[in-house]
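**Q** After the C-alpha cells below, expect a handful of questions from me.
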Amino acid sequence: MKDSYSVIGTRIAGMDEKDKALGNVVFAEDFTLPGMLHGKVFRATKASARIKGLDVSKARALPGVVCVLTAEDVPNNESVKNVVGQTTEVGLLEAKHQVLVRERVRYWGEAIALIAAESPVIARDALKLIEVEYEDLPAVFDPLEAMKPEAPKIHGNNNVIASWKLRKGDVEKGFAQADAIVENTYRTPRQEHAHIEPESGVAWIDDMGVINVRYAAQVIEHYRDIATVLGVPESRVRVIGTLMGGGFGGKEDVTVEVFLALMAWKTGLPVKLTFTREEMGYGRHKRHPYVLKYKTGATKDGKLVAMEAQIVSDAGAYVYLSPWVLIYSTVHSTGPYLIPNVKVDANSVLTNNIMTSAFRGFGGMQAVAAYEAQMDDLAEKLGMDPIELRAKNFLKKGDITASYQEITSEVWLEKCARAAVDALGPKSKGGKTKKIGRGFACAWQSYGRMTYLHDTSNCWVNLEMDGSAVVRTGIPDLGGGQRESVRAVAAEVLGLNIEEIHVISTDSQVTPLSGTVTATRALYMSGNATKLASENVKRIITEKAAEILGVAAEKLDLKDHRVVVLDDPKRSMPLVEAIKQCHFEGKVPQSLATFRAPFTEPISSDVIKDPVFPDFTFGAQAAELEVDTETGEVKVLKWATAYDIGQAINVNRVEGQMEGGVAQGLGFGLMEDYLEVKGVPWTWNLHDYIIPTSKDVPDIKSIVLESGSGKGPFGAKGIGEPAISAAGPAAANAIKDAIGVRITHLPITAERIFFALREARLKADGSVE
Amino acid sequence: MGARNENGLYELCITVNDREIRGKVRAETSLLDFLRDNNFTEVKRGCDTGDCGACTVVKDGRAILSCITLALQAEGSKIYTVKSLGSWDKMHPLQQAFVDYEALQCGFCTPGMLMSAKALLDANPKPTREEIREAISGNLCRCTGYQKIVDAIEAVARGEYR
Amino acid sequence: MGEFRFFRPTELKELLDFKAREGSRARILDGGSNVLVYINEGSIAGGTLVDVKSLDAIKGIAERDGRLEIGAGELIADVIDSELIKKKAPFLREALQKFANPLVRNMATLAGNIADSSPIGDTIPPLLVLEAEVVTASANGERVIALEEFFTGPGQNVLEEQEVICKVRFPLPAGGKGGHVKLGLRRGTSCSVASVAVWAVADKNTVKDIRIALGGVAPTALRARKSEAAFKGQSLDWDRIEELSQRVMEEISPITDVRASAEYRKKVCPALLAKAVRQALGMEE
C-alpha cells in the first residue's frame, strides 16, 4: 500500500550523487592505462562521393603513429541488421552499415580511417597526412525530393526505407461531419543531443585475451556488434559501461566502441578515443527532422471526428533505427485522443544528410508538435476552451487506440493539464512591444520497448551475512538515476537503508544483462527485475523465519532490518539471525531473476493494427512567455509540468527528469536546429548549435501525480522520454496565444516570428512592403 | 617559467588545490590539458572551445574556463578544482546542497557548476535567483533544467547549511 | 600544427622590442579567451604567444584629463566592478554586463575584443558612441587612433604589425544618456545577430546631439552617420522614432550566416535602433 513505503516515494539523496558532487566519478575519458595510445577518426568531407584514391602511407610513417586502419583492415566491415515488421514495398529490409568507408561516402563526416598514436597531438597531426581523392556523386538532401523515383539512391533502389500506416473508420465520412477543420504542415528540427560528456572510451586486451571496452554506453550488448565486426567469439569481448555524462539516445547506437576495439585488437595496446565536440556534431546521429501534414476535424460540440496525416522523416544516410522511430511516430500520431476515423501514412526516407536515429522521444515527440497545435487551432475555430476541447476527447483506460492497442493504465490528462495551467499563476503584464502568451500541450509517450521484442531484464540480488546487500545488474546509467532506482527498489523490498545496498552494474561479463537504457524501459524492466530478485530473496528469508516464528511465510515482511509479523509487529526477529539460519542450511539468500515484458505478436502489416507498447505515460506542460513584437525575441517567463508517473520511486529524480525534459524540449521548440546546407554541417559545435542556458529556462513548477497504475515496480510508469515531448509544443501554443499567428516551423526563432508578424500585418492592412 | 627546452617544452609550476604541481608543457597546452594530464581528471572536457563550462576552475578567486586558458598563463596562480571543496566525510555546503536538492543528475557539468557557484557566493553571499542564473550562465547543463541547481545554491546562500 | 613559443614580458619596452622583431607572429594573449580557439581550429599556424599579465603599464582604470582610461590588460569583469566606472560610466558598465557570460568576462579584455575586430564584437558599439580612442605603442612611439577609424574589415584593423594597444579611453560623458540593445538567439551567452548603441543628448525629447553605432550589420561595427543626421534636431515621440529609424537600412550591408539571414538583420535593425533611442530618452517600453 502506498502510504506504507519506507524508501520509495520519498526524496532520496542517492549514493552516486555524492560521488558526483565530490568529483570522484571516473567518467570514460578520465580513465587511463599505462602505455595507452590515443585514437582519432579520419572523416569524409563530402556528402556523396566515391573514394577514388586513399593514401595513408604518410600518416603511417609519422613517428609516434602505431597504426592507421582502413576498411581493408576490418574483418567484417559491413554489418547488416534486419528491420523487423516491414512487409511491403519499402527499400532495405536490412539496414546496412559500414564501419569504415570502403568506397562510397554517403554523408559529410562519415568515418574513413582510424589512427592510433602515442599522443593526442601526434594523432591529430597524422589526420592531416591522410590523402583522399573523391569523385562527386549525385546527392539528395530533401526527403520529399528523395522519395521521387528519379532521385539518386542512397542504398539499394528505394530511398523509402520504412512505411507505416494507421487505418480506422472512414476519414472522408468523418470530415463530412466536421463543423471545423484545421489543416497545417509542420516541420520539426534536426536536434542534436548535446550531452555535456562527449563520447569516449578506452579499450584494451586483458591478460586472458579478452577485448575490454570501457566506454560511455547506453547499450552494453554492443559487445556482440564488436565481436561480429572483429570476427571473434562474443565470449571474448567485454563491455564495461561507465556512468555517462548524459546520453538521451546519443550513446545508444554504435559510437566509439567498434573503433576502439579494432585499434586495441590490431595494436595489442590500450587505446583511448574521445569524440571532439565537432565530431559529436558531424559524426553521430541526430533526431529525425519531420514534415507532418495534418488535417483534423471536429464537430461544433467539440468531438473529434477525423484525422488524416502524411508524415515524412529524414532518415539521413543510413537506416539505423529510423523504421522504429517511425513506428513510434505513427502510433503516437493521433495524440492521446479517441478519434473514430483515422488515416495516417508515414514514410522514412534516406538522404545524404547526417544519419538520424535515437533521441529522447524517439518519434513520438515530433508528432506532438503537430497534434497539439491542431487541437489549439481547432479550439480557436470552434470558440471552445482548449482544455475543454481536449477533455472531450482524451483517451480513457479501456479505450482502443487507432493502432488497435488497449489503454490499460489510468489516463490523468485532464488532471495534468489543469494542474499545469493553474500552476502558472496570475498572468504577467506585457507592454507596448511585449505580448504575453500562454499555452499548454498534452502528450502521451510510451515506456518500455516494443512488445514484440521479447524484452527481458535480469538482476542478481545477494543478501550478505550482516544484512547489507549487493545488487548486480547490467543496466547502464546515463544520469537518469537508473542505478539509484534499482537500489531504492531493493531497499524497499528487503527492509534496508539505501546506504547498505551496493549496486554493481553495467559490465557485460560480470553483471546479468539488463538490456538497454533506452525507450524509457530502465525503471520498468530493471526495476521490475530487481523487485523480482529481491522478492525471491525475501521469500528465502521469510520461509526460514516462518519456521522459527511459527507463522506462515506470507504473513511476514522485512522492515527495518527485521523480519516482522504483519499483523503483530511486536513479534519479529533480526534479519541477520534469519540470514545466518539460511546459511547453516545451505539456503543462500540470493536470486538471479528475469523479468519478461509481456509479449505481443510482431506487427503483421504496414497498417499497424496490433498492440506495440506495454503502456503509456500521460502528461501536460504549460508555458507563459513574452514575445517582443518588434524583434520576434521570446522570453520564457513561467513553466509548469505535470505528469502522472504512477508511483514515484525517488521524488527528487522524477522532478529532475521533468525539469530536464522542459529545458531540452524548450530547446527543440525555440532554438535548436542542427543545420546542414547541401549536406555540409553548419552548426557542429556548441558555439553555433545553441542549447538553453540557465537564463533561458525559467523557474519550473513540477507537479508529480501518482495513479499507481503503471506496469513498473510498485505501479510506476516511466518518465525519461515523456518528460520532453510536450515542452516545445507548449511554447508554440503560447507564441500563438501571444501574437495570434500559428508558426508551424520549429524551432520558432525570433526571425521566424518576426517575418510571421510582418506577413500578418501586411495581410491585415493590405499594404505593400 | 623556465626557458624552452630542446623538445619545445616549457617547465612550469602551478598551485592546484594548495599543492605545487610541476610539469612540462608546450606553449599552446591548455590549462585543462595540464590539469587532466596531472590527474586532476575531476576537471572535465566538454567542448574545448569555451562554450560549455564543464572545465570551469577557480583561478585567483575568479571562475574561468580552463580549456581556453594556456597552462603557462596560469603559472604562479592558485587554481582550485571541485576536489578542493570537500571530501566524503566533510562535504562542502554547496556539495551537500547539490546532493540534497538533486541539483545534479549525470554529474558531468557538476564540477564546473560547483566552482562557478563557489566563486559567486564568495563574491556575493546573498545573490538573488536572477543573479544565480547569471553566475552559472556559462555552465551548460543538459540534464536538470537548472531549476534544482538554482534551488541548491539559494539554499546555501539562505544559510540552510550553516 | 606549427611551432608555438611563449613569452611573458615584464616591462612594456620588452614587449615593444619583441613586437618590433616578430611583428604579427607575436600574438598578444591578454585574457587569452580567443587564441586557443583559433589555434585548435587551425587558423593560427605558429608564432609566439605573449602573455601580458605581468605588465603594469597596461593595467589601471583611471580618470585623467577629462577622460576615463582603461588599461588594455584590464579584465572586463574588473571594469564592471570598478567603482570609478560604476560612478562615471554606468552606460558602458551595463553594456559590458551583457558581454558573453561571467566566465568569459573573467578572461576577456576590452582591448582584446577591439583587437579581434569582429563585426559582432560586443564592446565596440558602446565604445563607438562614447567616442572612444585606442592608445597604442610600438618601438616607434605612441599613437592615438579614434575607434571609429580603427576597423577596416571583418577581423581587420589599422594596427601595424609591431603595434600594441595600451589603453582604451573616452571623454567623460558630458551630458546625455545611452541606450544599448543586443539581439541574440538566446538569453544566455549569445553571439550578437545585431546590436545598436545610442548616446543622445536631448531636451524634453528634442535631440540636440545623437551618436548611433551598429554591430553585426556590416563588415565592421560603424557609426550610423546618416541616421544621426536624420535624428538630430528632431522632436521625438514613439511614432517619429520608428519612422526615422527606418533610415538606418540605407547604411548597412548585412550578410546571411549560421545565425540569421541578411534580410532579418536588415529589417530588424530599425527596431533595434528605435529601442535604443527610446532607452536613451528614458521612454517607457
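**Q** Which three numbers, in whole Å and largest first, are the semi-axes of the equivalent ellipsoid of segment C:177-281 derived from its Cα gyration tensor as √(5λ)?
**A** The three semi-axes for segment C:177-281 are 24, 14, 11 Å.
**Q** With a 1.4 Å probe, what is the total accessible area buried between chains C and B, in Å² rounded to the nearest 100?
**A** 2400
**Q** Can I ask one more? With N set to the residue count of segment A:342-497, report its C-alpha Rg divided by 2.2 N^0.38 Å to two decimal places.
**A** 1.49
**Q** Something else: Counting each DSSP H run of 4 or more residues in chain B as -39500 (n - 2.57), what helix-only mean residue ellipticity at 222 nm follows after dividing by all residues, to the nearest 500 deg cm²/dmol?
**A** -8500 deg cm²/dmol
**Q** While we're looking at this one, here's another question. Give me the accessible area per residue for chain A, probe 1.4 Å, as a whole number in Å².
**A** 33
**Q** Along its three principal axes, how long is segment C:56-171 when you only count alpha carbons? Whole Å, largest extent first please.
**A** 35, 31, 25
**Q** Ok, one more. With +1 on each Lys and Arg Cβ and -1 on each Asp and Glu Cβ, and nothing else charged, work out how big the dipole of segment C:56-171 is about its Cα centre, in Debye to the nearest 20.
**A** Once rounded to the nearest 20, the dipole reads 420 debye.
**Q** Note down the net charge around A:Val239, summing +1 for each Lys or Arg and -1 for each Asp or Glu among other residues with Cβ under 9 Å from its Cβ.
**A** -1
**Q** Next question, about the same structure. Roughly speaking, what is the stretch gain from A:Lys429 to A:His454, that is 0.36 nm per residue apart minus the C-alpha to C-alpha distance, in nm to one decimal?
**A** Roughly 3.6 nm would be gained on extension.
**Q** Using helices alone, what [θ] at 222 nm do you get for chain A, with -39,500 (n - 2.57) per DSSP H run of 4 or more residues, divided over all residues and rounded to the nearest 500?
**A** -8000 deg cm²/dmol
**Q** Then there is this: Mind computing the radius of gyration and Dmax over the alpha-carbon atoms of segment B:20-92? Å is fine for both.
**A** 12.1, 39
**Q** List the pair-distance distribution P(r) of segment A:555-600, using every Cα-Cα distance, as the percent of pairs falling in each 10 Å bin from 0 up to the bin containing the longest distance, rounded to whole percents.
**A** For segment A:555-600, the pair-distance distribution reads 24, 34, 26, 13, 3.
**Q** Let me confirm one metric for peptide B:34-44, namely the mean number of other chain beta-carbon atoms within 10 Å of its residues' beta-carbons.
**A** 3
**Q** List the residues of segment A:636-662 whose accessible area drops by at least 40 Å² when all protein chains are present, compared with their chain alone, using a 1.4 Å probe and counting only protein heavy atoms.
**A** Residues meeting the cut-off: A:Asn652, A:Glu659.
**Q** Could you give the nm distance between label points at C:Glu161 and A:Leu33, where each point is 7 Å from its Cα heading toward the beta carbon?
**A** Rounded to a tenth, the inter-label distance reads 5.0 nm.
**Q** Turning to a different aspect of this structure: Tell me, what % of the accessible area of segment C:4-51 is carbon and sulfur with a 1.4 angstrom probe?
**A** Answer for segment C:4-51: carbon and sulfur cover 44 percent of the accessible area.
**Q** Quickly work out the A:Lys763-to-A:Asp55 label distance, labels modelled 7 Å from Cα along the C-beta direction, and quote it in nm with one decimal.
**A** Reported label-point gap for A:Asp55 and A:Lys763 is 6.0 nm.
**Q** Next question, about the same structure. Please compute the Kirkwood hydrodynamic radius of chain C from all pairs of different C-alpha atoms, in Å with one decimal.
**A** After inverting the mean inverse Cα-Cα distance, the result is 19.5 Å.
**Q** Taking all protein chains as present, what is the carbon and sulfur share of the accessible area of chain B, in % to the nearest whole number, probe 1.4 Å?
**A** 44
**Q** Chain A: percent of C-alpha pairs farther apart than 37 Å?
**A** 43
**Q** Chains C and A: what accessible area do they bury, summed, in square angstrom to the nearest 100, with a 1.4 Å probe?
**A** Result for this pair: about 2400 Å² buried.
**Q** Which three lengths, in whole Å and largest first, does segment A:490-559 cover when its Cα atoms are put on their principal axes?
**A** 45, 22, 21
**Q** Measuring with a 1.4 Å probe in the full set of protein chains, what accessible area per residue, in whole Å², belongs to segment C:56-171?
**A** Normalised by residue count, the accessible surface of segment C:56-171 is 38 Å².
**Q** Separate question: With a sphere of radius 10 Å drawn around the Cβ of B:Ala119, what net charge do the other residues whose Cβ falls strictly inside it have (Lys, Arg +1; Asp, Glu -1)?
**A** +2
**Q** Calculate the FRET efficiency for C:Lys177 and B:Asp89 from the Cβ-Cβ distance with a Förster distance of 51 Å, rounded to the nearest 0.05.
**A** 0.35
**Q** Where the eigenvalues come from the Cα gyration tensor of chain B, what are the semi-axes √(5λ) of the equivalent ellipsoid, largest first, in whole Å?
**A** So the three semi-axes of chain B are 30, 15, 13 Å.
**Q** Another question about this same structure. Could you tally the net charge around C:Gly23, taking each other residue with its Cβ under 11 Å from the Cβ of C:Gly23, Lys/Arg +1 and Asp/Glu -1?
**A** 0
**Q** Can you list the residues of segment A:687-717 that have at least 20 square angstrom less accessible area with all protein chains present than in their chain by itself, probe 1.4 Å?
**A** A:His687, A:Asp688, A:Ile690, A:Ile691, A:Pro692, A:Thr693, A:Ser694, A:Lys695, A:Asp696, A:Val697, A:Asp699, A:Ile700
**Q** Are there DSSP H segments in chain C that both extend 18 Å or more along their axis (alpha-carbon positions) and score a mean Kyte-Doolittle hydropathy of at least -0.5? List them, or say none.
**A** Once both thresholds are applied, what remains is C:262-280.
**Q** Using +1 on the beta carbon of Lys and Arg, -1 on that of Asp and Glu, and nothing else charged, what's the dipole of the protein assembly as shown about the Cα centre, debye to 20?
**A** Dipole magnitude for the protein assembly as shown comes out near 1000 debye.
**Q** What total accessible surface area, summed over both chains, is buried at the interface between chains A and B, computed with a 1.4 Å probe and given in Å² to the nearest 100?
**A** Between A and B, the summed buried area is about 4100 Å².
**Q** Leaving ligands, DNA and RNA out of it, report the carbon-plus-sulfur percent of the accessible area of chain A at a 1.4 Å probe.
**A** So the carbon and sulfur contribution to the accessible surface is 52 percent.
**Q** Just grab the label-to-label distance for C:Gln234 and C:Thr10, each label 7 Å out from Cα along the Cβ direction, in nm (one decimal).
**A** 5.8
**Q** Let me ask something else about it. Suppose we compare each residue of segment C:243-284 in its chain alone and in the full protein complex with a 1.4 Å probe; which ones drop by at least 30 Å² of accessible area?
**A** Flagged in segment C:243-284: C:Val258, C:Tyr264, C:Lys267, C:Ala271, C:Lys275.
**Q** Which order do peptides B:30-36, A:353-359 fall in by mean Cβ count within 10 Å, highest first?
**A** Going from most to least packed, we get A:353-359, B:30-36.
The values are calculated or read from the model by the stated rules, or taken from the named source; none is laboratory data. Every value quoted in this text rests on a predicted model; they were computed, and no experiment measured them. All Cβ positions, even for glycine, are placed from backbone atoms using ideal geometry, and neighbour counts span all protein chains on display. All accessible areas refer to the heavy atoms of the entire protein, side chains included, with ligands and DNA or RNA removed. Shrake-Rupley method; radii C 1.70, N 1.55, O 1.52, S 1.80 Å.
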